[in-house]
Amino acid sequence: MKLKKSTIVIIVFSWVFFFAACFLLFLKLDQLHTDKITNEKIFREESSNGSTETIAPKEDTKEEKEDEFTEVKSFMADYYEYMQKNDLNALKPMVEDDIELRQRQESLSQYVEEYRDLSYKAEYGADQNSFLVYVTYQLKIKGIDTLAPGMTPYYIVKKGKSFVIYNNEEHYTDEMRNAKKQSLNHQEIRDLTDKINNEYEKALKKDKKLKDFLKGSE
């Protein structure tokens, strides 16, 4: 069927009006987008200049979350300092089992020269007053040049204004054991463990003397 000329004109004008409307809508949306960006820029500038406007709360960053463990990390740093000095008087109130402490210190004083590159990763334990701290380090063994990468987990409980290390796992409660088991399965801890294990294996391949010493002590 052949369309009339008037019908074709109407169709053409309808499409013209349609595209014109779309174009105007696009300009309006673009203007709104520009206004939004401008307003956001002004808001940021006012905020940085001490504006008192309310700002939506942001999620804690990883670094900010770590700040809540500052005290327990500092406690562990002191522990390693006293441990390397073999200061039993300072160490005794820091642990739950002083007999286990003395036995460990006797062994360390025979073989360990120094702990280097100490780093502390902390998580909550069974509750908000208990913690699992993973200490990573490079161990300098007497008579061996190559450093041995290592990691030691500690279960720590807040006592008054300080902390106590449960240094004998036989004294763990069921809650402590479960908390430690769960923590060891956290992906971040698993990744850290894998990293230390890989570095450990590389060190053993590099130095036969280190390998013989560590394998012989297992």
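Bear in mind these aren't lab numbers, they're just calculated from the coordinates by the rules spelled out. Just so it is clear, the model here is predicted, and its values are computed rather than measured. As a convention, Cβ positions derive from the backbone with ideal geometry for all residues, glycine included, and neighbour counts pool all protein chains shown.
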Of Lys140/Lys161; Lys158/Lys209; Lys159/Lys209; Lys85/Lys206; Lys181/Lys215, pairs whose Cα-Cα distance is over 31 Å: Lys140/Lys161; Lys158/Lys209; Lys159/Lys209
For region 155-160, in residue order, the Karplus 3J(HN,Hα) values (coefficients 6.51, -1.76, 1.60; θ = phi - 60°; whole Hz; Gly and Pro = x) are 9, 10, 10, 6, 10, x
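Let me know the shape class of region 89-218, please: from the alpha-carbon gyration tensor, a ≥ b ≥ c as square roots of the eigenvalues, rounded when a/c is under 1.5, otherwise prolate if a/b is greater than b/c, or oblate.
Values: a/c = 2.26, a/b = 1.42, b/c = 1.59.
Verdict is oblate for region 89-218.
Calculate, for Asn178 and Asp145, the FRET efficiency according to 1/(1 + (r/R0)^6) with r their C-beta to C-beta distance and R0 45 Å; round to the nearest 0.05.
Numbers: r = 41 Å, r/R0 = 0.92.
So, using R0 = 45 Å, E works out to roughly 0.65.
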Trypsin sites (Lys or Arg not before Pro) restricted to DSSP loop in region 93-161 with at most 15 other C-beta within 10 Å: Lys142, Lys161
Using a 10 Å cut-off around each Cβ, can you sort Met176, Met76 from fewest to most neighbouring Cβ atoms? Met176, Met76
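If I stretch the segment between Glu169 and Arg116 completely, what's the gain in nm (0.36 nm per residue apart, minus their alpha carbon distance), one decimal? Don't skip to the end; give the middle numbers.
Working: separation 53, 0.36 × 53 = 19.08 nm, distance 2.53 nm.
Here the segment from Glu169 to Arg116 would lengthen by 16.5 nm.
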Enumerate the calculated ³J(HN,Hα) couplings along region 76-86 in order (Karplus 6.51 cos²θ - 1.76 cosθ + 1.60, θ = phi - 60°), each rounded to whole Hz, writing x wherever the residue is Gly or Pro. 5, 5, 5, 4, 5, 5, 5, 5, 6, 8, 6
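Beta carbons within 10 angstrom, averaged per residue: use that to sort the peptides 77-86, 183-192, highest first. If you can, show how the numbers build up before the last one.
On the way: 77-86: 14.9, 183-192: 12.6.
Highest-to-lowest ranking by the protection proxy: 77-86, 183-192.
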